[in-house]
Structures are given as C-alpha cells and as structure tokens.
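Novice: I have a structure here, written as structure tokens, and I will follow up with some questions on it.
The values are calculated or read from the model by the stated rules, or taken from the named source; none is laboratory data. Not measured: the values here are computed from a predicted model. So basically every Cβ, Gly included, is an ideal-geometry build from the backbone, and we count neighbours across all protein chains shown. What goes into the accessible areas is simple: the full protein's heavy atoms, side chains included, and nothing from ligands, DNA or RNA. Shrake-Rupley method; radii C 1.70, N 1.55, O 1.52, S 1.80 Å.
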Protein chains: 2
Amino acid sequence: MTTHGDATETLSDPDFDAAGDLVERGIDAGALVTLFGRCRVDYDGRATSTLGPGDRHVMLKPDGAALVHTDEGQQPVNWQPPGCEHAVRVVDGEFVVESERSSPDELLSIAFESLSHVGVFDVTDATDLSLTGTEEDLRERILDDPDLLEPAFTPLATERSTPAGAIDIYGEDADGRTVVVELKRRRVGPDAVGQLDRYVQALGRDLHDEAEIRGLLVAPSVTDRARELLAQKGLEFVSLAPPEE
Amino acid sequence: MTTHGDATETLSDPDFDAAGDLVERGIDAGALVTLFGRCRVDYDGRATSTLGPGDRHVMLKPDGAALVHTDEGQQPVNWQPPGCEHAVRVVDGEFVVESERSSPDELLSIAFESLSHVGVFDVTDATDLSLTGTEEDLRERILDDPDLLEPAFTPLATERSTPAGAIDIYGEDADGRTVVVELKRRRVGPDAVGQLDRYVQALGRDLHDEAEIRGLLVAPSVTDRARELLAQKGLEFVSLAPPEE
DNA sequence: ACATTAATCTCGATG
DNA sequence: CATCGAGGTTAATGT
C-alpha cells in the first residue's frame with residue numbers, strides 16, 4: 001500500500017479483503033476510485049448487455065458515475081450515469097462491483113476474477129471549462145453584425161418559441177419579411193433542414209402568413225442531400241462558421 | 001515502483017523523470033496509461049477550450065484515445081479521439097502530456113504541476129460486447145411477427161434507400177398500400193416525425209404515387225408535440241418497444 | 001474520405 | 001418530472 005498526503009492511495013495485486021476495504025473507504029470519503037483486473041461485466045436497464053472475461057479499467061466517481069474502459073475507444077464499453085449507488089462485495093471467489101439506480105431501474109455488475117490495481121484519488125476541481133467555437137458563439141457573431149447573413153437583416157428575437165420548438169434567431173429582412181434562422185456550428189445534413197422547415201411551418205400557422213416567411217439555414221456548409229431538400233422546401237442557405245478564436 | 005507479472009506497473013508521487021520513463025515505456029508497449037495530479041488542460045481543434053488548475057485523472061489508450069476526467073460527470077471534461085499520437089515531456093517545471101492528430105488538426109495539452117500517480121496496464125480483451133434492446137432488435141421483432149404492427153402487414157424490404165435516406169422497414173398493408181415504417185427504440189419527439197415524413201415524401205416522388213403511401217412511426221411512446229405533428233402530416237403511430245430480454 | 005443515422009447517447013436549460 | 005436541442009457528440013455502416 002502506498003499513501004501520500006491523504007490524497008492518493010493505491011494497492012497493487014491486492015487481496016480481495018484489502019481491496020474491498022480501500023474501495024469502500026474511498027467511496028465513503030467521496031474520492032474517485034479506480035480498479036484494474038480481469039472481469040466480466042453485466043448491464044441491465046434501458047437495454048441489456050453482457051461482456052465476457054477480459055482486462056478492463058473501472059472508474060467509480062463520487063457523483064455516482066461508473067465507467068468501464070477497454071484498451072480501445074473513446075467511449076466506455078459499459079457505464080452507469082451519475083446518481084448511482086456503488087457497492088462492493090466478495091461473492092463466490094469474485095470481487096464484485098455493483099452500481100445501481102432507480103427511474104429507470106438499472107444495474108451494472110462487474111465481477112473481477114483477479115485484481116492487479118486499486119486506486120483512491122482525492123479530487124478537488126473547482127475550475128470550469130471555458131469553451132469557444134460553439135453554436136452560441138456563432139449566434140453572437142451574427143447578432144454583432146447581422147449583415148453577415150444578408151444586407152439589412154434585422155434580428156428581432158433569439159430563442160423565440162413556436163409550437164415546434166424554439167427558433168435560434170427570429171428577424172426581418174430588408175423588405176420587412178419574417179425570417180427564421182437556424183444555426184449549426186458545423187456542416188449539416190438533412191436533419192437540420194427538417195428542423196428549420198418545422199419551425200417555418202409552425203411559425204406560419206402561428207402568424208397565419210406562411211407564404212411570406214423565409215427560412216435561413218446558417219452553417220459552414222451543407223451536404224448534397226441537404227441542399228436538395230432546401231431547394232424542395234424553398235429554404236435558403238448562408239455559409240458562415242463560428243468565430244475562430 | 002511496483003511491478004507484477006509484466007502486466008501492471010505503478011508509481012506513487014513520482015518525480016517527472018521517472019514518470020516520463022514509465023509513461024513512454026507504457027505507450028511504446030501498447031499499454032493503457034493513467035496519470036493523476038494537479039494540471040491545466042488546453043484544447044484546440046474543432047473548437048477551443050481551456051481549463052485552469054485542478055486535480056484530474058488522465059487515461060491514454062493504446063489506440064490513441066485520451067481522456068481527462070474530473071470528479072463529476074460521465075463524460076470526460078476534455079478528450080482526444082482514437083488515432084492520436086501521445087507524447088510526454090518536461091517543460092518549464094511542468095510534466096506535459098500532448099495528444100495530437102491531423103484531419104482535423106487537433107491538439108490536447110495537459111500540463112501537470114504535480115503528479116501523485118502514474119499507472120501502466122497491459123490490457124488483453126478479445127471479448128465482444130453483446131447488447132440487446134436496440135433498434136435492430138425491434139426490427140427483428142417486427143419481421144418475426146409483422147402482425148405486431150397491424151393485421152396482414154407484409155414487410156418487403158429493410159433499409160430500402162430513397163433520395164432522403166434509408167427506410168427502416170418498407171412494406172404493404174392489407175389493402176396493398178405502400179407502408180413506410182420508421183423505428184425508434186425509445187420515446188420520440190418531433191425530429192423522428194420529420195424523419196418519417198421525409199422518407200414518405202421522397203418515396204412518393206420516387207413512385208409517383210404519394211397519396212397512397214402510409215407512414216408508420218413505431219416507438220414505445222411519443223411526446224405531445226410529436227403526436228400533433230403526426231396528425232398534421234397524416235402519419236400514424238404504433239406503440240411497440242424492443243423485446244425485454 | 002464523406003454521408004447518414006443510432007445511441008443504455010450525455011448534458012444543460014426550461015416549463 | 002418530462003421535453004427539447006446542442007454536442008469538440010461518438011460509433012457504425014455504407015459509398
């Protein structure tokens with residue numbers, strides 16, 4: 001066992017009793033717990049899955065999330081969302097980690113036949129991520145300079161609600177016609193065209209003036225099918241990306 | 001340092017030189033590498049992000065994926081997809097992990113001011129996940145017993161392609177009318193209705209017989225807005241879920 | 001490489 | 001609680 005500054009504690013090739021003690025202590029202390037070893041994994045909840053024996057890395061977070069990672073992929077092979085209860089016990093010679101929640105009822109069960117590592121990490125992280133280049137940045141760019149869309153475009157509202165959902169930017173063109181703007185931070189396919197079309201139709205029913213409403217899809221680029229759909233539905237496209245920095 | 005069976009090796013409170021040696025050795029050996037300590041994280045690529053100092057858990061996978069986890073959330077606060085090159089070096093008294101790829105150009109940089117743990121794990125996992133309760137299971141359930149949709153429904157094709165995309169199930173009803181079926185494994189909103197409508201319209205143009213085509217949305221349930229949209233567009237809904245087991 | 005869609009999507013905002 | 005839409009979505013599949 002290795003301890004340092006009350007912050008991190010690890011066990012190598014622990015016996016199951018020692019591992020159980022450390023993991024329970026870590027969970028109770030609100031620490032982040034990791035395990036590595038050969039295990040089977042079963043999940044039952046929104047779907048059902050089984051995973052035969054293999055070496056995997058398991059992370060139990062203090063917010064109740066659980067992650068099972070293999071050597072491949074950005075996504076965990078199995079997981080449990082935040083809000084779960086973690087528990088460990090030894091059953092039939094296996095070290096079993098269970099993570100459970102209700103609504104929906106879901107259970108993740110990880111049965112280790114051998115454990116080569118257990119770690120407990122005291123995490124303090126008050127920092128928030130600062131992210132730029134999002135759809136919101138694109139919206140701000142347009143509101144700062146509406147002429148980017150077309151000359152004399154006038155934004156009137158953002159997030160204007162319709163029976164079909166909220167319109168990103170609602171405004172008027174140079175001729176006083178209503179304009180519905182849908183923003184996407186990256187290249188778009190047919191789904192985005194469908195979304196814009198829904199908003200235009202819903203707004204038309206709201207205003208009883210469907211023919212006079214223009215729909216503008218704003219994105220860096222569109223796929224061929226999306227372009228065809230736009231043409232079919234009489235919608236327009238403006239190429240614009242979020243600010244670079 | 002702790003070694004066992006060539007499989008797992010960990011360092012506690014390592015100095016940066018020893019940590020660098022172990023991490024590089026782990027990466028070269030195709031192992032899964034973990035680090036824990038106080039760090040800053042910067043990302044630049046499809047978007048841009050910065051994250052101030054805090055304690056985080058870092059995982060470097062042999063396929064080139066990188067994950068930075070805080071104490072909260074199922075998702076990593078920063079990451080890099082598979083296919084990246086990982087590198088470590090000591091710069092200005094910080095232990096820096098960089099993960100980079102091209103197309104798109106993306107760089108993730110993690111600068112540790114202190115390291116309390118480094119782990120190297122030899123992963124062997126040939127097992128495939130077996131998952132049930134997916135949309136594909138729902139499709140098989142219907143193909144096994146088409147009457148689940150309605151009496152005398154006859155499936156003719158799956159994944160039938162149209163200019164608007166592939167239709168989940170394409171078939172005929174008791175009266176010989178063409179039926180377009182869109183499947184969803186869980187409760188659906190307006191987007192699924194738009195998707196089904198696109199397919200019906202596209203097939204109508206293909207067959208020059210739009211009026212005679214029925215559209216069926218099959219899901220466990222629909223939201224109110226989706227139900228209204230279905231009614232407006234003359235589409236139908238059948239409540240059905242993927243098989244339980 | 002691009003296009004399209006599913007996902008135990010996750011996550012946050014909002015009513 | 002449910003609903004809705006964004007996401008550096010990711011992952012899989014087809015072309």
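Novice: Could you tell me which of rounded, prolate or oblate describes the protein assembly as shown, using a ≥ b ≥ c as the square roots of the eigenvalues of the alpha-carbon gyration tensor, with rounded for a/c under 1.5 and, failing that, prolate when a/b is larger than b/c and oblate otherwise? Mind dumping the intermediate values first?
Specialist: Numbers: a/c = 2.62, a/b = 1.54, b/c = 1.70.
It comes out oblate by the Cα gyration axes.
Novice: Right, here's the next one. Please list, in order along the range A:97-113, the HN-Hα scalar couplings obtained from phi with the Karplus expression 6.51 cos²θ - 1.76 cosθ + 1.60 (θ = phi - 60°), rounded to whole Hz, x for Gly and Pro.
Specialist: Couplings: 10, 10, 10, 9, 8, 10, 6, x, 5, 9, 9, 10, 10, 10, 10, 8, 8 Hz.
Novice: Another question, if that's okay. Under 1.5 on a/c is rounded, so check that first for the range B:195-245, then, if it is not, pick prolate when a/b is larger than b/c and oblate when it is not; a ≥ b ≥ c are the square roots of the alpha carbon gyration tensor eigenvalues.
Specialist: On the way: a/c = 3.03, a/b = 1.68, b/c = 1.80.
Oblate.
Novice: Separate question: Suppose we compare each residue of the range A:124-158 in its chain alone and in the full protein complex with a 1.4 Å probe; which ones drop by at least 50 Å² of accessible area?
Specialist: Relative to the lone chain, where solvent access is computed with a 1.4 Å probe, the range A:124-158 loses at least 50 Å² at A:Asp125, A:Thr127, A:Leu129.
Novice: In terms of the Cα gyration tensor, with a ≥ b ≥ c the square roots of its eigenvalues, is the range B:50-106 rounded because a/c is under 1.5, prolate because a/b exceeds b/c, or oblate?
Specialist: Values: a/c = 1.77, a/b = 1.09, b/c = 1.62.
Verdict is oblate for the range B:50-106.
Novice: What share of the DSSP beta bridges in the range A:135-239 is antiparallel, in percent to the nearest 5? Don't skip to the end; give the middle numbers.
Specialist: Working: 11 of 21 bridges.
Here the antiparallel bridges make up roughly 50 percent for the range A:135-239.
Novice: A further question follows. According to a simple spin-label model (label point 7 Å from Cα along Cα-to-Cβ), what is the distance in nm between B:Asp128 and A:Glu135?
Specialist: 3.5 nm
Novice: Can I ask one more? Run the count for the protein assembly as shown, please: Lys pairs, Cα-Cα under 22 angstrom, 8 or more apart or on different chains.
Specialist: Working: A:Lys61/B:Lys61; A:Lys184/A:Lys233; A:Lys233/B:Lys233; B:Lys184/B:Lys233.
Here the count comes out as 4.
Novice: Continuing with the same structure: Along the Cα→Cβ direction, 7 angstrom out, place labels at A:Arg25 and B:Glu236. What is the inter-label distance in nm?
Specialist: The answer from the label model is 6.5 nm.
Novice: In whole Hz and in residue order, list the ³J(HN,Hα) couplings for the range B:27-36 that follow from phi through the Karplus curve 6.51 cos²θ - 1.76 cosθ + 1.60, θ = phi - 60°; x for Gly and Pro.
Specialist: Karplus-based 3J(HN,Hα) across the range B:27-36 equals 4, 4, 7, x, 9, 8, 10, 10, 9, 9 Hz.
Novice: Provide a list, ordered by number, of residues in the range B:167-215 showing at least 20 Å² less accessible area with every protein chain present than when their chain is taken on its own, using a 1.4 Å probe.
Specialist: Buried-area filter returns B:Arg185, B:Pro190, B:Arg198, B:Arg205.
Novice: Roughly how much accessible area, to the nearest 100 Å², goes out of reach of solvent when A and B pair up, both sides summed, probe 1.4 Å? Walk me through the numbers before you get to the answer.
Specialist: Details: alone 13670 and 13690 Å², together 21960 Å².
Accessible area lost upon association: around 5400 Å².
Novice: Right, another one. How high is the relative contact order of the range A:135-239? Use alpha-carbon pairs under 8 Å, at least six apart in sequence, and give a whole percent. List each step's numbers first, then the result.
Specialist: Values: 189 pairs, mean separation 23.6, N = 105.
Computed value for the range A:135-239: 22 percent relative contact order.
Novice: If you don't mind, there's one more thing I want to ask. Please report the net charge: other residues with Cβ closer than 9 Å to the Cβ of A:Ala219, K and R +1, D and E -1.
Specialist: Neighbour charge sum, excluding A:Ala219 itself: +3.
Novice: Can you compute the FRET efficiency between B:Leu143 and B:Asp173 using 1/(1 + (r/R0)^6), with r the Cβ-Cβ distance and R0 = 22 Å? Round to the nearest 0.05. Display every interim value, and only then the final one.
Specialist: Details: r = 16 Å, r/R0 = 0.72.
About 0.90, to the nearest 0.05.
Novice: Now for a separate question. Grab the residue from chain B whose Cβ hugs the B-to-A rotation axis most tightly, plus its distance in whole angstrom.
Specialist: Nearest to the symmetry axis by Cβ: B:Gly194, 2.
Novice: Still on this model: How much solvent-accessible surface does B:Asp44 expose, in Å² to the nearest 10, with a 1.4 Å probe and all protein chains in place?
Specialist: 90 Å²
Novice: Search the structure for amide H atoms under 5 Å from the amide H of B:Asn78, placed 1.01 Å from N in the peptide plane, and list their residues when 5 or more places away or on another chain.
Specialist: B:Val68
Novice: List the relative contact order of chain A as a percent without decimals, with contacts defined as Cα pairs under 8 Å and 6+ residues apart. List each step's numbers first, then the result.
Specialist: Values: 500 pairs, mean separation 36.8, N = 245.
Relative contact order of chain A: 15 percent.
Novice: What whole-number value in Å² describes the accessible area per residue of the range B:135-239 for a 1.4 Å probe? Could the numbers behind the result be given before it?
Specialist: Details: 4970 Å² over 105 residues.
Result: 47 Å² per residue.
Novice: Can you compute 3J(HN,Hα) from phi for each residue in the range B:223-234, using the Karplus curve 6.51 cos²θ - 1.76 cosθ + 1.60 with θ = phi - 60°, rounded to whole Hz and x for Gly and Pro?
Specialist: Whole-Hz 3J(HN,Hα) from phi for the range B:223-234: 7, 4, 4, 5, 5, 4, 4, 4, 4, 4, 8, x.
Novice: So which GluC sites (Glu not before Pro) in the range A:181-239 pass both tests, a DSSP loop state and at most 12 other Cβ atoms within 10 Å of the Cβ?
Specialist: Details: sites: A:Glu182, A:Glu210, A:Glu212, A:Glu228, A:Glu236; in loops: none.
Within the range A:181-239, no GluC sites (Glu not before Pro) qualify (loop, at most 12 other Cβ atoms within 10 Å).
Novice: Roughly to the nearest percent, how much of the accessible area of the range A:158-245 is carbon and sulfur, given a 1.4 Å probe?
Specialist: Values: 1700 of 4120 Å².
Accessible surface attributable to carbon and sulfur in the range A:158-245 totals 41 percent.
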